[in-house]
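Structure first, commentary second.
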Amino acid sequence: MATIATATEDGKQSAGRRALRLSPSAISYLQATPLIGILGFFFLLPIAMISVVSFWDYDFAGLYPDFLTMNYTDTLGSWVTWKTYLNTLKFTALVWGLTLVIGFWVAYFLAFHIRKTSTQMILFLVCTVPFMTSNIIRMISWIPVLGRNGLVNSTLIEMGVIPQPIEWLLYSDFAVVLAMVHLYTLFMVTPIFNTLMRIDRSLFEAARDAGASGWQVLWNVVIPLAKPGMAIGTIFVVTLVMADFSTVQVMSGGQSASVALMMKNQMSLLQYPAAAANAVVLLGVVLLMVTAILRVVDIRKEL
């Protein structure tokens, strides 16, 4: 009887262990639970709160929980908003094009024209030196260079190239684009450089053996293989430019506008629901742009 009881208990314990055994998919979900919790608390929850506030009512005295579409109709039905979005997209396109060209050639030089790995890393770190200061300081540093009596105008007048200072160098769209290119080019250089370093150099030799010229190797081998890095850099630059308000405000002298600057002004006037509605619309526009980029280029191999 004791043997039978022991066997019965062993059978129950084995059945319990089988019941507690989890499937591989369940184990994967459990392992991802901390990350899901962090993303949910710091990413999804704020977006949900902004979305809720965007439907609230407000006046000069406070906010009133409600469910109104007034903020969205005011935002999407105003020609000022559409003009501001077009101006923001203009800045985005110009900065993206310039950072892509500059970033690609800087990354190409570091990857293929610098032989020593140590020298590559040193030069790459030199590119990151400006990031040891804040964006505001690096942006404001252009004012004494581009101003009416700044370095550029003074030099051109002394050389006799121009009779009087150029007014549009500062407090203009040109100054905004220039400052943004200066601030965000490294975000394009880094992913492209990382992609170019992974390219097998034997592909270049094979292309040259097949009779390809240097430009053909660049166009048919390097650029196609560098597209994932370009796509990642594009996502970085697009999202940063679309969300930038300080550069537009300072470098345009208040003469230009962007969606982020419009939201900043709304928040300074305590119009939080209207700013939240603009934030939701801006998030939708950025997500559409990122989705379009991901549909064109598969970046999973770089992640």
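With respect to being assigned to a helix (DSSP H, G or I), touching a residue at least 40 places away in the same chain (Cβ under 8 Å) and in contact with a Cys (Cβ under 8 Å, 6 or more places away or on another chain), residue 189 fits the description.
Being surrounded by fewer than 19 Cβ atoms within 10 Å (Cβ to Cβ) and within 23 Å of residue 257 (Cβ to Cβ) is a description that does not apply to residue 154.
No other residue among 187, 193, 174, 131 is under 25 Å from the mean Cα position of the chain (by Cα), under 26 Å from residue 243 (Cβ atoms), of a type outside the set (Val, Ile, Thr) and at pLDDT below 85 apart from 131. Does residue 95 satisfy the condition of being at pLDDT 90 or above, under 33 Å from the mean Cα position of the chain (by Cα) and more than 30 Å from residue 233 (Cα to Cα)? Judged against the criteria, residue 95 is not a match. Can you find, within the stretch 74-92, the residue that is surrounded by the most Cβ atoms within 10 Å (Cβ to Cβ) among those that are at pLDDT 90 or above and either among the hydroxyl-bearing types (Ser, Thr, Tyr) or in contact with a His (Cβ under 7 Å, 6 or more places away or on another chain) (or both)? Checking each candidate, the answer is 88. Before we move on, is residue 93 touching a helix residue (DSSP H, G or I) at 6+ places or on another chain (Cβ under 6 Å) and in a helix (DSSP H, G or I)? It is false that residue 93 is touching a helix residue (DSSP H, G or I) at 6+ places or on another chain (Cβ under 6 Å) and in a helix (DSSP H, G or I).
Out of curiosity, is residue 108 surrounded by 11 or more Cβ atoms within 10 Å (Cβ to Cβ), over 27 Å from the mean Cα position of the chain (by Cα) and not basic (Lys, Arg)? Spelling it out, it is not the case that residue 108 is surrounded by 11 or more Cβ atoms within 10 Å (Cβ to Cβ), over 27 Å from the mean Cα position of the chain (by Cα) and not basic (Lys, Arg).
Condition (residue is more than 22 Å from the chain's Cα centre (by Cα), closer than 30 Å to residue 194 by Cα and not polar (S, T, N, Q)) applied to the stretch 135-145: is it met by at least one residue?
Yes - at least one qualifying residue is present in the stretch 135-145.
Across the stretch 207-217, the number of residues qualifying as surrounded by 13 or more Cβ atoms within 10 Å (Cβ to Cβ), without any contact (Cβ under 8 Å) to a residue 12 or more places away in the chain and not polar (S, T, N, Q) comes to 2. Kindly provide the set of residues from the stretch 109-164 that are among the aromatic types (Phe, Trp, Tyr) and not in a loop (DSSP other than H, G, I, E, B), ordered by number. Selection gives 109, 112, 124, 131. Condition first: among the hydroxyl-bearing types (Ser, Thr, Tyr), in contact with a strand residue (DSSP E or B) (Cβ under 7 Å, 6 or more places away or on another chain) and surrounded by 12 or more Cβ atoms within 10 Å (Cβ to Cβ). Now tell me which residues in the stretch 29-73 satisfy that. Across the stretch 29-73, the qualifying residue is only 58. Here 275, 279 are screened, and the one residue that is assigned to a helix (DSSP H, G or I), without any contact (Cβ under 8 Å) to a residue 40 or more places away in the chain, out of contact with any strand residue (DSSP E or B) (no Cβ under 9 Å at 6 or more places or on another chain) and not hydroxyl-bearing (Ser, Thr, Tyr) is 275.
The values are calculated or read from the model by the stated rules, or taken from the named source; none is laboratory data. What you see is a predicted model; the values in this text were computed from it and never measured. For neighbour counting, all protein chains shown are included, and Cβ atoms are generated from backbone atoms with ideal geometry for every residue, glycine included.
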